[in-house]
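**Q** If you scroll down you'll find the structure; I have some questions about it.
FYI, it's all coordinate maths here, none of it is from the lab. Computed from a predicted model, the values in this text were never measured in an experiment. Cβ: placed from backbone, ideal geometry, glycine included. Neighbour counts: every protein chain shown.
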Amino acid sequence: MGFSWEFIKNPIQIGSPFPSSQSLAKLIVDSAKLQSNATIVELGPGTGSVTKEILKQTSSDSLFFTIEINEMLYKKFKQNFPDTIIHHGTANEIKKYLKIHDRTQVDYIISAIPWATLSIDLQQELFSEIYDVLAPGGKFITIALLIGTFFSRGKKFKQLLNSNFELVNQTRVVWKNFPPAIAYICEK
């Protein structure tokens, strides 16, 4: 059983029946413009397609870890990326995991959380935690499935980004992803 099965079991938590494509992963990480000596957190690494790109661009003096909510994906990730730090938990526990690593702020948060599937209250709860730990000048990069941007929850999330961040840019549509997706690149 794999990623698609986990989507069938819990579509709100997973958000898509297919992992992010290499094209989307590369666009997201290139857009982040990762710098050395940074703290980088990936939320919802799933099968690790974005993680692979992050690892290619992360310097050895940076701290990088991931947080995965889904138990099966967490276990599979640990097998596939034994040298990468992963925590089994939720985005609203990010402060707890930062404390484990003697950090209080994050320079880059890269997220595959399916925002358009979450209730507005849950969006705000998770976003508040993420925003609180993001360092001044830090970047929050998140995937948005194109179809989700047309739904009310997707629109509300975009409003949440625009009302909190100094700068919010949207990438081009990645048609080589199924379903097609964009990313928001936000700077605090």
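**Q** Determine the dipole magnitude for region 3-187: charges of +1 sit on the beta-carbon of Lys and Arg, -1 on that of Asp and Glu, nothing else is charged, the reference point is the Cα centre, and the result goes in debye to the nearest 20.
**A** On the way: 19 positive and 17 negative charges, 100 e Å.
Dipole about the Cα centre, nearest 20: 480 debye.
**Q** Evaluate E = 1/(1 + (r/R0)^6) for T104 and S152, where r is the Cβ-Cβ distance and R0 equals 41 Å; express this FRET efficiency to the nearest 0.05. Spell out each step's value before the answer.
**A** On the way: r = 34 Å, r/R0 = 0.84.
It comes to 0.75.
**Q** I120 to M72: extension gain in nm, 0.36 nm per residue of separation minus the Cα-Cα distance?
**A** On the way: separation 48, 0.36 × 48 = 17.28 nm, distance 2.63 nm.
Computed gain between I120 and M72 is 14.6 nm.
**Q** Here is a follow-up. Multiply the residue separation of N162 and Q22 by 0.36 nm, subtract the distance between their alpha-carbon atoms, and state the gained length in nm to one decimal. Before the final figure, lay out the partial values.
**A** On the way: separation 140, 0.36 × 140 = 50.40 nm, distance 2.74 nm.
That works out to 47.7 nm of additional length.
**Q** Then there is this: Where does the chain land at 222 nm, in deg cm²/dmol rounded to the nearest 500, when only DSSP H runs of n ≥ 4 count, each adding -39500 (n - 2.57), divided by all residues?
**A** Numbers: 8 runs with 75 residues, N = 188.
Value at 222 nm, helices only: -11500 deg cm²/dmol.
**Q** Residue by residue through region 165-175, which ³J(HN,Hα) values in whole Hz follow from phi under the Karplus form 6.51 cos²θ - 1.76 cosθ + 1.60 (θ = phi - 60°), with glycine and proline marked x?
**A** Along region 165-175, the couplings run 9, 5, 9, 10, 10, 10, 6, 5, 6, 9, 6 Hz.
**Q** So which residue, out of T104, T51, T142, gets the largest mean-square fluctuation from a GNM of the chain using Cα contacts under 10 Å as springs?
**A** Comparing T104, T51, T142 in the GNM, the peak value goes to T104.
**Q** May I pose another question? Projecting each Cα onto the charge dipole of region 83-188 (Lys/Arg +1, Asp/Glu -1 at the beta carbon, about the Cα centre), which of S111, Y97, V133 comes out farthest on the positive side?
**A** Result: S111, furthest along the dipole toward the positive end.
**Q** Shifting gears a bit: Averaging the inverse of every distinct alpha carbon separation and then flipping it gives the Kirkwood radius. What is it for region 3-187, in angstrom units?
**A** On the way: mean 1/r = 0.0616 Å⁻¹.
One over the average 1/r among Cα pairs gives 16.2 Å for region 3-187.
**Q** Something else now. What does the charge add up to near L167, with Lys and Arg as +1, Asp and Glu as -1, over the other residues with Cβ less than 11 Å from its Cβ?
**A** Values: positive: K139, K188; negative: E166, E187.
Cβ neighbours under 11 Å give a net charge of 0.
**Q** Once a ≥ b ≥ c are taken as the square roots of the eigenvalues of the Cα gyration tensor of region 111-188, is the result rounded (a/c under 1.5), prolate (a/b larger than b/c) or oblate (a/b not larger than b/c)? Display every interim value, and only then the final one.
**A** Numbers: a/c = 1.96, a/b = 1.31, b/c = 1.50.
The shape class here is oblate.
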